[in-house]
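The values are calculated or read from the model by the stated rules, or taken from the named source; none is laboratory data. What you are looking at is a predicted structure, and each value in this text was computed from that prediction instead of being measured. FYI the Cβ positions are ideal-geometry reconstructions off the backbone, even for glycines, and counts take in every protein chain you see.
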Amino acid sequence: MGSALGPTTPAPGEPPVALGGAVPASVSTTSLDAPTPDAAGLISPAVSGLPHDLWGNGQMLSIATALTAEKAEQIPALRQLFLTILLAEAEAPVDAEGKGTLLLVRIDKLLALGALEQASALIAASGTMTPDLFRRDFDVALLTGRESRACEAMVTAPNLAPTFAARVFCLARSGDWNAAALTLRTGQTLGLIGTVEDTLLSRFLDPDLYEGEPVPRPPAPVTPLFWKMYEGIGEPLPTASLPIAFAHAELGPHSGWKPQIEAAERLTRAGVVAPNVLLGLYTEREAAASGGVWDRVTAFAAFDAAMQSGDAAAVATHLPRAWEAMAEAELEVPFAALFSHDLLNMGLEGDAGTIAFRVGLLSPQYQTVALNRKAQDATEAFLIAIATGAVQGVPAPDTLGRAILPAFLSPQPSDDAKRLLDENRLGEALLLAIESVGRGVQGDLTGVTQGLSLLRAVRLEDVARRTALELMLLERRG
């Protein structure tokens with residue numbers, strides 16, 4: 001099937017646009033006054049802290065290669081930096097030619113990361129709707145339950161239809177079954193609808209004809225349209241083994257509570273939905289069983305109830321288990337975003353106070369938290385030093401700390417990073433910093449020093465401090 005992402009564009013989670021065909025191989029020029037969709041963004045320089053000339057003298061091929069190669073970073077602060085880069089308003093690369101190639105690369109990366117709402121908003125911000133952009137917006141609509149809106153747009157502008165199968169699907173969704181059947185037959189005759197599509201669409205249009213027959217095996221890869229058609233014939237495919245973008249399809253009320261929670265955990269962990277989504281699901285009702293996700297629900301709900309009561313003793317009782325449960329699911333930073341502010345005012349002591357301190361260090365208020373804490377051991381002294389920037393004379397407590405400390409004493413970016421900065425290619429230098437720290441998480445601690453040094457050299461102090469704190473506090477090593 002040509003997915004809704006188009007014949008050269010894979011489903012979410014697969015490699016984005018093939019660079020060999022999408023990115024220009026030679027440098028060319030365009031009028032500086034000509035509007036270009038590549039400059040579109042959702043976050044202004046005043047908010048992002050990134051300059052308008054983020055890409056500077058960088059070339060399209062090099063930038064696109066760096067963006068598509070970047071993996072989903074395990075460290076939340078760097079993951080958010082990467083999302084900010086993808087969403088930032090910035091001048092187009094010098095050889096952009098106004099074609100929107102970098103815009104498509106950014107959107108494809110957002111889809112691969114599960115950032116569907118952000119991808120759709122970026123498409124809207126581009127101020128245009130080409131067939132390539134509509135393919136991606138159509139996929140987002142299918143996975144977020146807004147297919148009716150997308151189908152209406154397709155009916156209004158048939159030239160935007162990504163595939164014949166999408167056209168058949170939308171005609172059926174609008175209730176025009178005769179037109180849908182006719183379009184399906186036309187597609188069959190012209191060879192524009194594949195065997196699997198044909199089988200699914202035929203079932204979708206007239207399920208009674210196939211009653212009692214086995215459901216066709218899911219194709220590989222599963223596209224959003226395939227997923228929606230399986231759902232339409234009453235055989236929805238589980239999303240746990242599919243690319244993260246498909247998790248959005250489980251958030252609606254049609255899914256069971258457990259799949260909703262698991263999808264929300266996956267998306268919250270990726271930093272693409274607000275922690276309040278998970279808060280609402282965890283506290284919706286009492287856990288139906290025990291083990292796995294249900295243990296997290298029980299621990300979280302008990303802690304949330306204690307917080308709502310304002311009873312410090314109850315909070316101290318339930319915080320350790322809730323924190324342990326969040327750590328098991330790698331949801332410590334979203335937990336901190338939800339509760340750190342209120343925990344600060346509880347005056348917790350002992351083990352609960354230690355946990356509350358660490359929760360606070362993972363929040364935007366990390367500096368205030370550090371200033372109000374008297375270090376209990378060498379590790380806390382080092383964490384406070386990083387959070388406040390007062391590292392002189394404070395020893396590192398372990399090997400990782402010894403990789404972090406030089407970046408805050410005397411930053412020394414790598415030679416490659418210095419070269420990119422000298423060539424006015426800040427965006428690519430930041431991507432290199434993210435990649436370098438990622439190597440460090442896997443064991444190359446030199447990458448930690450170099451990546452943090454680069455962040456500090458370009459005055460992204462808050463990102464550098466939060467990254468260092470998360471490296472120390474989160475179990476993301478290897």
Contacts under 8 angstrom Cβ, first residue in the range 161-175 being modelled with pLDDT of 90 or more, partner basic (Lys, Arg), 6 or more apart: Phe169/Lys228
What is the number of the single condition among (1) at pLDDT below 90; (2) more than 30 Å from Arg285 (Cα to Cα); (3) surrounded by fewer than 19 Cβ atoms within 10 Å (Cβ to Cβ) that Phe204 does not meet? (3)
Among Pro224, Pro236, which is free of Cβ contacts under 8 Å to residues at least 60 places away in the same chain, within 21 Å of Ala249 (Cα to Cα), surrounded by 14 or more Cβ atoms within 10 Å (Cβ to Cβ) and under 30 Å from the mean Cα position of the chain (by Cα)? Pro236
Just checking, how many residues over the range 233-260 are in contact with a Phe, Trp or Tyr (Cβ under 7 Å, 6 or more places away or on another chain) and either in the same structural domain as Arg79 (by TED's automatic domain parsing) or not hydroxyl-bearing (Ser, Thr, Tyr) (or both)? 5
Given the criteria outside the structural domain of Asn57 (by TED's automatic domain parsing), touching a helix residue (DSSP H, G or I) at 6+ places or on another chain (Cβ under 9 Å), buried (at least 17 other Cβ atoms within 10 Å of the Cβ) and not in a helix (DSSP H, G or I), does Pro411 qualify? yes
For residues that are buried (at least 23 other Cβ atoms within 10 Å of the Cβ) and under 27 Å from Ile85 (Cβ atoms), tally how many sit in the range 143-162. 1
Matching residues, the range 414-439, being touching a residue at least 24 places away in the same chain (Cβ under 8 Å) and either in contact with a Lys or Arg (Cβ under 9 Å, 6 or more places away or on another chain) or assigned by TED's automatic domain parsing to the domain that holds Asp95 (or both): Arg425, Ala429, Ile434, Glu435, Gly438
Output the residues belonging to the range 419-473 that are within 23 Å of the chain's Cα centre (by Cα), modelled with pLDDT of 95 or more and assigned to a loop (DSSP other than H, G, I, E, B). Leu460
Scanning the range 19-68 residue by residue, the ones that are surrounded by 16 or more Cβ atoms within 10 Å (Cβ to Cβ), β-branched (Val, Ile, Thr) and either in contact with an Asp or Glu (Cβ under 9 Å, 6 or more places away or on another chain) or at pLDDT 90 or above (or both) total 5
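For Val222, are the conditions met, namely being assigned to a helix (DSSP H, G or I) and either modelled with pLDDT of 90 or more or not hydrophobic (A, V, I, L, M, F, W, C) (or both)?
Working: assigned to a helix (DSSP H, G or I): no; either modelled with pLDDT of 90 or more or not hydrophobic (A, V, I, L, M, F, W, C) (or both): yes.
When the stated conditions are applied, Val222 does not pass them.
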